[in-house]
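First the structure, in the form of structure tokens, and then the observations on it.
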Amino acid sequence: MRKSNLERHLVNCPHCGKEVLDHFTQCPHCKGELTPRGYTEGDAKSRTKIRNILFVVLLVIAVAVLITLKS
Ligand SMILES: [Zn+2]
């Protein structure tokens, strides 16, 4: 039997073991802190890295535009 949409998004709370939705940041049963799926530390780090690369690219473009305007 296929699992329902809701069941696929259920995870067990690491603090009390009860079922909670995977996007919760706090357990509704024990108020324990949860790490929502898709918001792991690794993801946050890689997102920061991408933002840094974007910033450098924008900076290079800005400098290139400035040089072009001056000449
Ligand atoms: Zn809990």
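Quick look at the values:
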| quantity | calculated |
| --- | --- |
| Checking H23 against (1) modelled with pLDDT of 95 or more; (2) in contact with a Pro (Cβ under 6 Å, 6 or more places away or on another chain); (3) not polar (S, T, N, Q), the condition it does not meet | (1) |
| Residues located in the stretch 23-37, provided they are within 13 Å of the ligand (Cβ to nearest atom) and at negative phi | F24, T25, Q26, C27, P28, H29, C30, G32, E33, L34, T35 |
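The values are calculated or read from the model by the stated rules, or taken from the named source; none is laboratory data. Keep in mind that what you see is a predicted model, and the values were worked out from it rather than measured. Virtual Cβ from ideal backbone geometry, glycine too; neighbours counted across all protein chains shown.
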